[in-house]
Amino acid sequence: MRRSDVKVFIHLLKVNIKKTLIYRTNFWISLFAMALWMGIYVIFFEILFMHIDDLAGWSKGEMLIFLSFYYFVQAMGNVLYRESFEIFGDKMRQGGIDFVLTKPVSKQILLFFDEIRFDHIVDFFLTALLFVYAVLQTGIVIQPGLFLIGIVLAIFGNILFYGLLLLIASLLFYVDRMDGIGSFMWHLSQISRFPRQIYSGWGKWLFQFIFPLALLVSLPTEVALGHIDIKMLFYFIAISLLFFALGNLSFSLGLRRYSSAN
Amino acid sequence: MNKKIIQVRELSKNFVSFKKGEGLKASIKDFFQREKVLKEAVKKVSFDIEEGEFVGFLGPNGAGKTTTLKMLTGILTPTSGEAEVLGFTPWKRKLAFKKQFSLVMGQKNQLWWDLPPLDSYELFRHMYEIPYDEYKKSLHFLTDLLDIGASLETQTRKLSLGERMKAELIGALLHKPKVLFLDEPTIGLDVVSQKAIREFLKDYNRETKATIILTSHYMEDIKRLCPRVLIIHEGIILYDGDTSMLNKKFAQNKAIDVNFSRSVNKKDVQKFGEIEEWRELGARLSVPRAEVTQILARLIKEFPIDDVSVHEKSMEDIVSDIFTKKNVSI
């Protein structure tokens, strides 16, 4: 990444803060919606664990920690790139990326980080509350060092997911129209909502090794909880970088087919 | 001779689309079996443009002018052919190339809609790595030239169309591009705004010696600004030369405007040439250039003439004739 790319990214951050401040009602609605969703899921797990002792080997306390990591990974995407990916299809069909191609700066920064949603910053705050609730409720002890490694791995999880979204977005260069691609992209992330151990048979191979979405949240949480599988850890980092590279390659190839619009 | 800044050789661009039938039955059939349609938007065009030139690109809708411009700015990759702009192949999209040109499209915005233009300019400053002092100087210079100071602090979406185009131009010129591509910058503007934009572009070209390529539907833009014009129609360049020489090249006919002192028979007048306009006591005739003197003498002899004048065809008429292939030698 070049110096000017960093400066452009920082400027985009500032501009999007301004936009968030202009539409302040939107900010409060986001806060309310996220708190509602999170609350529903916590209640869901509370009720679920009244009937079972563990879910694929995960206790209630571990599941609540898992849930807070899940929301942390989601929050990063929500704030940084989710909206931009969701509108990418329409933007492309309307020739909205013409100018991006003429600017001397990273195309991905301009296309996928231009709609930074600062109203979703509250997601991090709510996630932190959930994490504290999980620790206080269940008495699980988290090592600070392992917790930090878990956070770094959650960032890798986002790199993996971003790469996968880039791969899917590249398909738009080859087809006329893909309605609903925005929501499809986001439904994919639902695979990471549950621990990887619940997937067995072909599902295990598909979601851990081919489209490793089941690892997005599971691996960071396992490490934070002290359950470290070194081989899986290195595999997770390697596959995250591989997906990121594949996403970049397919996007660059796709751009050559861009046909604009009048 | 000035340096060639744009060189285009046999550049072509094809688009593939699908034929869509009429009605529900045809739509269902198309869903399962589609017929491909190949559209040759640009067909082997070649031309050179020298440093500092102000060149007009004229053509009707769908002629291929915007597609050519998009290939020269690297937005589109051509189907075949070659082009060099400032020594770069545009569609390789090198950063060093992108820093030296700018594109303005009359129908598309590159400024943030919800924020004042100044916020977008600040982003462009970072993109093009313009030193702060230089940025301020450029902004001041352009703001003065376009007379749009206060509006730059208003949200872009609240600006009038004319103000928005001025703001777009400032954004495009902050980094002092060597080549400026303008795609219908005056489209939709009122006469006053059109004039202001034209004056600005003329002054800017004179003061900075920037090379400017302008596409437009409006003859007035081309007449006032471009000493050279490229006329493109159905993807082919029909004319590349002096704007002022368009008449000699294309107009085989001249117009004779005649006023009669009393009414005459239309059929009698028709014998002398094609009647373009018929009035109660007058007519406008289109006659072959070589026969003007002879026809004029016969008209004076045979009709009660009050007044007569001979005109070259207007540029609008010539261009319209070129596009309709009427009375022109292409």
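The values are calculated or read from the model by the stated rules, or taken from the named source; none is laboratory data. Quantities reported herein were computed from a predicted structural model and do not represent experimental measurements. Virtual Cβ from ideal backbone geometry, glycine too; neighbours counted across all protein chains shown.
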Q | Qualifying residues in segment B:79-98 (those that are touching a residue at least 40 places away in the same chain (Cβ under 8 Å) and not small (Gly, Ala, Ser)) - the one farthest from residue B:13 (Cα to Cα) | A | B:86
Q: Please enumerate the residues belonging to segment B:292-321 that are of a type in the set (D, E, K, R), outside any strand (DSSP E or B) and surrounded by 12 or more Cβ atoms within 10 Å (Cβ to Cβ).
A: B:298, B:302, B:312, B:313, B:316, B:317, B:321
Q. Considering only residues of segment A:195-209 that are in a loop (DSSP other than H, G, I, E, B) and more than 18 Å from the chain's Cα centre (by Cα), which is surrounded by the most Cβ atoms within 10 Å (Cβ to Cβ)?
A. A:199
Q) Does residue A:236 count as within 14 Å of chain B (Cβ to nearest Cβ), surrounded by 15 or more Cβ atoms within 10 Å (Cβ to Cβ), in contact (Cβ under 8 Å) with a residue 60 or more places away in the chain and assigned to a helix (DSSP H, G or I)? A) no
Q) Which condition does residue B:286 not pass, out of (1) buried (at least 18 other Cβ atoms within 10 Å of the Cβ); (2) part of a loop (DSSP other than H, G, I, E, B); (3) of a type outside the set (D, E, K, R), if it passes all the others? A) (2)
Q.
Going by what's in this entry, would residue B:115 be described as farther than 26 Å from residue B:200 by Cβ and within 8 Å of chain A (Cβ to nearest Cβ)?
A. no
Q. Residues in segment B:141-159: is at least one in a loop (DSSP other than H, G, I, E, B) and closer than 30 Å to residue A:256 by Cβ?
A. no
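Test residue B:307 against the criterion of being farther than 30 Å from residue B:3 by Cβ, in contact with a His (Cβ under 7 Å, 6 or more places away or on another chain) and at pLDDT 90 or above, and give yes or no.
Numbers: farther than 30 Å from residue B:3 by Cβ: yes; in contact with a His (Cβ under 7 Å, 6 or more places away or on another chain): no; at pLDDT 90 or above: yes.
Answer is no for this residue.
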(Q) Regarding segment B:196-209, can at least one residue be identified that is in the same structural domain as residue B:128 (by TED's automatic domain parsing), buried (at least 17 other Cβ atoms within 10 Å of the Cβ) and outside any helix (DSSP H, G or I)? (A) no
Q: Taking the options B:184, B:163, name whichever one is assigned by TED's automatic domain parsing to the domain that holds residue B:109, charged (D, E, K, R), crowded, with 18+ Cβ neighbours inside 10 Å and on the phi > 0 side of the Ramachandran plot.
A: B:184
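Does residue A:34 satisfy the condition of being aliphatic (A, V, I, L, M), within 19 Å of the chain's Cα centre (by Cα) and closer than 23 Å to residue A:219 by Cα? Outline the logic, then answer.
Working: aliphatic (A, V, I, L, M): yes; within 19 Å of the chain's Cα centre (by Cα): yes; closer than 23 Å to residue A:219 by Cα: no.
So residue A:34 fails the test.
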Q: For segment B:149-174, enumerate the residues that are among the polar types (S, T, N, Q) and free of Cβ contacts under 8 Å to residues at least 40 places away in the same chain.
A: B:151, B:154, B:160
**Q.** Output for segment B:67-91, where each listed residue is within 11 Å of another protein chain (Cβ to nearest Cβ), surrounded by fewer than 22 Cβ atoms within 10 Å (Cβ to Cβ) and not in a loop (DSSP other than H, G, I, E, B)
**A.** B:69, B:91
Q: Working carefully through the options A:83, A:115, find the one that is within 13 Å of chain B (Cβ to nearest Cβ) and modelled with pLDDT under 90.
A: A:115
Q) Identify, please: which residue in segment B:286-316 is touching a residue at least 60 places away in the same chain (Cβ under 8 Å) and charged (D, E, K, R) and is, among those, farthest from residue B:258 (Cα to Cα)? A) B:316
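Scan segment A:1-53 residue by residue and report those that are of a type in the set (Phe, Trp, Tyr) and either within 11 Å of chain B (Cβ to nearest Cβ) or within 30 Å of residue B:120 (Cα to Cα) (or both).
Of all residues in segment A:1-53, those of a type in the set (Phe, Trp, Tyr) come to A:9, A:23, A:27-28, A:32, A:37, A:41, A:44-45, A:49.
Listed by number, the residues that qualify are A:9, A:23, A:27, A:28.
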Q.
Could you tell me how many of the residues in segment B:218-262 are more than 30 Å from residue B:307 (Cα to Cα) and either of a type in the set (S, T, N, Q) or in contact (Cβ under 8 Å) with a residue 60 or more places away in the chain (or both)?
A. 19
Q. If you check B:101, B:97, which single one turns out to be surrounded by 24 or more Cβ atoms within 10 Å (Cβ to Cβ), within 11 Å of chain A (Cβ to nearest Cβ) and modelled with pLDDT of 95 or more?
A. B:101
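Do you know which residues across segment B:216-230 are modelled with pLDDT under 90 and buried (at least 21 other Cβ atoms within 10 Å of the Cβ)?
Of everything in segment B:216-230, those that are modelled with pLDDT under 90 and buried (at least 21 other Cβ atoms within 10 Å of the Cβ) turn out to be B:216, B:221, B:222.
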Q: Evaluate segment A:126-148: report whether one residue or more is within 14 Å of chain B (Cβ to nearest Cβ) and either under 16 Å from the mean Cα position of the chain (by Cα) or in a helix (DSSP H, G or I) (or both).
A: no
Q.
Against the definition (touching a residue at least 24 places away in the same chain (Cβ under 8 Å), farther than 21 Å from residue A:164 by Cα and among the aromatic types (Phe, Trp, Tyr)), how does residue A:66 come out, yes or no?
A. yes
